Amino acid sequence: MGFFRDILAFFKKRQRESTRNQFFSSQIDELFDYLSTYISTSNQAHATSVYIKNYLRLGDNERKQKLPESYLFVEKYLTDIDTGFGLSKEELRGLVKVKFASLLSIIDFALIFEEEDRQEFELCKLFLREVVSGLSDLLGESGSKKIQEIKHYIESVPNAFTGKNPLNDENFHPSGYNDWIQFLRKLSFFTFNILKEKLGEEAALRRYDKGYKSLAAKYINLDSFQIIISILPEVLMDEDRIGTLTKHQIEKLLLKRADHFEQLTKELQEKNEELERTQKLLIEAKDKAEEATKTKAMFLANMSHEIRTPMNAVIGMTEILKDTDPSKEQLLYIDTIYKSGYDLIHIINDILDYSKIESGKLELEQKEINIHDFTSDVTNLLVLRAEEKNIDLIYYVDEAIPSCVLADPVRLKQVLVNLIGNAIKFTNVGEVVLEVLLKEKTDRTLDIEFNIKDSGIGIPKNKVKHIFDSFSQVDTSTTRNYGGTGLGLTITKSLVQMMNGNISVRSKVDEGSTFTFTINVPYKEDEPVNKKLKAFDKKTILLADQNETHKNILAKKLKSWGVEVHTFSTAEELLANYKKAGSVDVIMVEDFLLNKTDSSFKEVFFNLLTSKKIPLVRVVPFGYQPNEFSSNMGQVINRPIRRATLIDTIYDALTDVKTIEKVTAPKPLHTPKKISILVAEDNSTNQVVMKKMMSKIGYEIEIAETGEEVIQKLSSKFYELIFMDVQMPILDGLQATQKIRLGVYEKGQPTIIAMTANASEEDKQMCLFVGMNDYLSKPVTRNDIISKIEKWFPEE
């Protein structure tokens with residue numbers, strides 16, 4: 001059976017060579033087909049044959065997947081099952097050579113046959129050596145000489161022997177091991193006859209038996225036994241002797257296997273005991289790790305609560321201070337305190353997010369997002385930061401992206417705000433550009449790529465690979481100059497990966513960086529194309545903008561809607577070339593370019609617009625007032641330009657529609673409602689803050705310091721709205737809410753809004769679970785309170 005194991009090993013080795021996979025897959029198919037034809041018909045063999053035939057029915061790809069399993073299956077059968085083949089070993093070998101003739105030219109395949117023959121040859125030599133050992137003293141001079149000749153011959157073949165062979169066979173010209181084996185068999189019979197003549201038949205038989213038994217202790221597998229049997233003289237081949245030898249051989253084989261099995265059992269028992277010890281240690285380590293994680297989470301939650309409580313007072317008081325008519329210098333100090341307070345809250349939020357990600361407790365939501373409006377909203381959040389540093393913030397969203405995608409808006413915004421915020425932080429001159437591109441679209445999902453490019457300080461090449469590591473900064477001077485915990489990019493990378501995406505960075509010192517991340521999200525088919533875009537087809541717009549990036553992005557957007565766009569870098573260049581464009585439908589000009597021109601140019605430019613009746617659209621940076629050199633000169637659009645606003649503005653210009661803004665009195669920030677408000681708050685400083693803040697927006701409130709006091713006050717007076725702290729003495733806010741919800745009140749149940757320094761999602765869900773209507777996380781601003789009152793007590 002070893003021969004067939006070698007063949008299978010050969011195929012396994014070749015199968016791993018990728019350049020020959022196809023060729024050797026077909027060869028293993030042939031081997032299986034061959035085995036299914038010549039294998040014996042026992043039940044076990046039949047099962048193997050069925051398996052092989054089923055394999056042969058598989059397609060190419062299925063066979064490739066099944067191939068390793070098929071090797072193991074057939075090898076196990078050939079190695080372990082005592083069934084054998086219907087043909088002799090020699091016949092099988094001959095058939096294999098015919099069947100796989102195409103492989104015989106391959107050296108390592110041909111060596112299988114040579115190695116099999118070599119092993120058989122060596123075993124025959126060893127057996128005959130044992131037979132003739134020590135015979136010189138038992139035989140006469142002539143017999144001893146003949147045996148010495150045979151012994152010398154056995155030791156010398158096949159390579160070193162140069163003398164005449166003992167059989168005097170002049171026609172013997174060996175070409176390989178197989179020929180030598182046949183010759184050694186003849187030599188065995190020749191030697192037996194010499195021993196029989198000199199010592200008698202019984203003595204000769206004892207000598208051969210002794211030779212066999214001396215080998216049996218070393219070579220006890222059945223293959224070796226069959227080889228030795230093949231070179232025994234015919235007189236030794238009687239049924240009883242062979243049966244005894246076979247029984248002896250099998251007993252030894254079984255004994256060896258029994259010893260081996262016992263050893264394996266012992267080793268397995270030791271492995272099991274070691275595994276149990278390891279498992280116990282792992283369980284203990286897991287329990288300790290979980291306990292440590294739980295302790296850390298509790299510590300971070302408590303730390304967050306203890307910091308948010310005083311920060312609520314700090315930020316609340318700064319808002320109140322702003323209303324006390326401070327001087328410009330005082331207002332600068334107040335704004336610094338306010339900003340520093342929120343910077344600290346941002347650091348706390350980063351630490352909490354990192355802890356959640358590390359423990360695997362952060363989960364993403366799926367909500368519908370209009371990706372065009374969403375991107376615009378995010379850039380508008382950050383545009384003032386860019387304007388403060390006098391750098392441009394520009395964005396572009398690929399028109400091929402469906403408007404509605406399903407993603408977590410809070411976490412996607414967190415990623416974009418962090419990356420764009422960093423780009424602004426590390427850029428002192430130039431621009432920050434956000435590109436949103438469609439990379440791939442399937443029937444169900446989109447691969448969207450976000451590129452955040454800046455012209456900032458850049459990152460050294462040897463630091464780039466560590467940029468996403470926890471608590472990592474480019475160097476310590478970065479922290480000193482720009483601040484930050486070094487957690488932002490770590491959190492960003494984790495969030496992107498949770499959105500089935502990847503993030504990378506390309507950077508060059510003093511030239512800037514580009515952070516690229518992708519997300520894979522489901523989407524909904526777009527709504528019908530905006531009807532206004534039909535008016536854009538084949539229209540001509542002249543566009544003047546000094547910022548090349550913004551100019552190119554805006555032109556690209558307009559061209560995607562069917563507009564012919566001519567771009568210029570100055571207003572003078574536009575005026576000088578407008579005739580070359582032919583019929584012009586709209587002129588768009590960056591307002592700064594008009595500021596740079598003199599009065600005579602403005603007069604010529606204005607006369608052109610009025611005489612040709614060409615609509616003008618002026619692009620003004622966010623927060624700036626337009627140049628008012630003429631109150632009637634065109635429409636104004638703020639940058640960054642919102643997609644919907646751009647469509648409406650261009651449509652109005654093309655259709656000669658002028659939006660008339662009604663002059664109305666400014667709407668007050670908030671109109672107080674006729675409601676009674678109770679605030680449950682145990683911190684005396686925050687009580688003062690809430691009273692002052694609520695007074696500023698038109699409410700006189702009452703205070704309760706414990707949950708029990710809330711119940712008592714509610715029993716004597718009804719409050720339409722209760723702002724409920726959670727951590728309070730005697731009876732906390734959760735317990736108080738549960739009691740309130742079980743009560744019956746003449747005017748119904750009050751609206752309860754949690755106002756707590758417990759800021760996690762779990763805390764929010766717990767508040768809603770016990771019956772609260774809404775949730776506010778400290779620090780709480782005046783706008784937060786107004787927003788909740790407007791939500792729960794809208795105007796009728």
Exercise. Could you work out Rg/(2.2 N^0.38 Å) for the range 677-792, with Rg from alpha carbons only?
Worked result: 0.97
Exercise. Between residue 655 and residue 601, what is the spin-label point distance in nm, taking each point 7 Å from the Cα along the Cα→C-beta axis?
Worked result: 3.4 nm
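Nearest 0.05, what FRET efficiency do residue 692 and residue 327 give at R0 = 22 Å with Cβ-Cβ as r?
Numbers: r = 20 Å, r/R0 = 0.93.
In this case the efficiency is close to 0.60.
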Exercise. How big is the accessible area of residue 438 in square angstrom, nearest 10, if you roll a 1.4 angstrom probe over the protein chains?
Worked result: 40 Å²
Problem set entry | Accessible surface, per residue, of the range 677-792 when the full set of protein chains is kept, probe 1.4 Å, Å² | 44 Å²
For this session: Would you calculate the separation in nanometres between label points at residue 152 and residue 302, each defined as 7 Å from the Cα along the Cα-to-beta-carbon direction?
Result: 9.7 nm
For this session: List the residues whose amide H sits under 5 Å from the amide H of residue 776, counting only those 5 or more places along or on another chain, with H placed 1.01 Å from N in the peptide plane.
Result: 754, 755, 756
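Work out the FRET efficiency for residue 133 and residue 276 from their Cβ-Cβ distance, taking R0 = 45 Å, and round it to the nearest 0.05.
Working: r = 53 Å, r/R0 = 1.18.
With a Förster radius of 45 Å, E is 0.25.
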For this session: With all protein chains present, calculate the accessible area of residue 525 using a 1.4 Å probe and round the result to the nearest 10 Å².
Result: 130 Å²
Exercise. For the cross-link pairs 125/198; 539/579; 673/788; 146/196, which exceed 18 Å when the distance is taken from alpha carbon to alpha carbon?
Worked result: 125/198
Exercise. If ligands, DNA and RNA are left out, what is the accessible area of residue 645 with a 1.4 Å probe, given in Å² to the nearest 10?
Worked result: 60 Å²
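Would you kindly state how much longer the chain becomes between residue 612 and residue 144 on full extension, computed as 0.36 nm times their sequence separation minus their alpha carbon distance, in nm to one decimal?
155.3 nm
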Exercise. What is the extension gain from residue 447 to residue 400, computed as 0.36 nm multiplied by their sequence separation minus the C-alpha to C-alpha distance, in nm to one decimal?
Worked result: 15.7 nm
Exercise. Can you list the residues, at least 5 places off or on another chain, whose amide H is less than 5 Å from the amide H of residue 502, using H built in the peptide plane?
Worked result: 518
For this session: Report, in whole Å, the centroid distance computed from the Cα atoms of the range 694-719 and the range 724-787.
Result: 13 Å
Problem set entry | Solvent exposure, largest accessible area first (probe 1.4 Å, DNA, RNA and ligands not counted), of 542, 199, 281 | 281, 199, 542
Exercise. Can you give the Kirkwood hydrodynamic radius for the range 367-522, in Å, rounded to one decimal and based on Cα pairs?
Worked result: 15.9 Å
Exercise. With each label point set 7 Å from Cα along the Cα-Cβ vector, what nm distance links residue 569 and residue 700?
Worked result: 6.7 nm
Problem set entry | Portion, in percent, of the accessible area of the range 677-792 that falls on carbon or sulfur, probe 1.4 Å | 47 percent
Exercise. Can you pull the percent of the range 531-655's accessible area that's carbon plus sulfur, 1.4 Å probe, other chains left in place?
Worked result: 48 percent
For this session: Please identify which residues in the range 400-432 have an amide N closer than 20 Å to a label point set 7 Å out from the Cα of residue 537, following the Cα→Cβ vector.
Result: 400
Problem set entry | Greater than 29 Å apart at Cα, pairs in 356/696; 339/674; 389/413; 356/557 | 356/696; 339/674; 356/557
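Can you tell me the alpha carbon radius of gyration of the range 531-655 divided by the globular rule-of-thumb value 2.2 N^0.38 Å? Don't jump to the answer; show the numbers that get you there.
Working: Rg = 13.4 Å, N = 125, 2.2 N^0.38 = 13.8 Å.
Working it through for the range 531-655, the quotient is 0.97.
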For this session: Order 739, 532, most accessible first, counting only protein heavy atoms with a 1.4 angstrom probe.
Result: 739, 532
For this session: Calculate, for residue 717 and residue 342, the FRET efficiency according to 1/(1 + (r/R0)^6) with r their C-beta to C-beta distance and R0 45 Å; round to the nearest 0.05.
Result: 0.80
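The values are calculated or read from the model by the stated rules, or taken from the named source; none is laboratory data. Predicted model only: the values in this text are computed from it and were never measured. For neighbour counting, all protein chains shown are included, and Cβ atoms are generated from backbone atoms with ideal geometry for every residue, glycine included. These accessible areas exclude ligands, DNA and RNA; they are computed on the full protein's heavy atoms, side chains included. Shrake-Rupley method; radii C 1.70, N 1.55, O 1.52, S 1.80 Å.
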